[in-house]
Amino acid sequence: MSARVKGPASYFPSIEKKYGRPVAEWKDLVRASPLTRHMELVAWLKTEHGLGHGHANALVAHTLAEDSAPKA
């Protein structure tokens, strides 16, 4: 039995379905942006790429958390 995905990653299947791009591409866009603050990035995804607030927030939260995680 597989564990259910929780948190921001739980939005990923619907993001890919609704916007037609893999999550990895969205994360690359977030990382390539000159913006660094969470809500600035959320607003940018919403205005420039047409994402809904929840989807933009999930992508930014997950990406920033990955980038701030200690490297092994």
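The values are calculated or read from the model by the stated rules, or taken from the named source; none is laboratory data. For clarity, every value in this text was computed on a predicted model and none was experimentally measured. Virtual Cβ from ideal backbone geometry, glycine too; neighbours counted across all protein chains shown. Keep in mind that these areas ignore ligands, DNA and RNA; they rest on the heavy atoms of the full protein, side chains included. Shrake-Rupley method; radii C 1.70, N 1.55, O 1.52, S 1.80 Å.
Farthest toward the positive end of the dipole of the chain, out of Gly20, Ala32, Gly7, is the Cα of Gly7, where the dipole comes from beta carbon charges about the Cα centre. Using heavy atoms of the protein chains and a probe of 1.4 Å, the accessible area assigned to Glu40 is about 80 Å². A straight chain from Leu35 to Ser68 at 0.36 nm per residue would run longer than the Cα-Cα distance by 10.3 nm. Overall, region 6-48 carries a charge dipole of about 160 debye about its Cα centre when +1 sits on the Cβ of Lys and Arg and -1 on the Cβ of Asp and Glu, all other atoms neutral.
For the chain, leaving out every one of the trypsin sites (Lys or Arg not before Pro) that falls in a DSSP loop and has at most 12 other Cβ atoms within 10 Å, the longest unbroken run is 38-70. Placing +1 on the Cβ of every Lys and Arg and -1 on the Cβ of every Asp and Glu, with nothing else charged, gives the chain a dipole about its Cα centre of roughly 220 debye.
Pull out a ≥ b ≥ c, the square roots of the eigenvalues of the alpha-carbon gyration tensor of the chain, then state rounded if a/c is under 1.5, prolate if not and a/b is larger than b/c, and oblate in the remaining case. Oblate, because a/c is 1.5 or more while a/b does not exceed b/c. The simple Förster model, with R0 at 35 Å and r as the Cβ-Cβ distance, assigns Asp28 and Val5 a FRET efficiency of 0.95.
Within the accessible surface of the chain, defined with a 1.4 Å probe on protein heavy atoms only, the carbon and sulfur portion equals 57 percent.
Per residue, the chain reaches -19500 deg cm²/dmol at 222 nm when only DSSP H runs of four or more residues are counted, each adding -39500 (n - 2.57).
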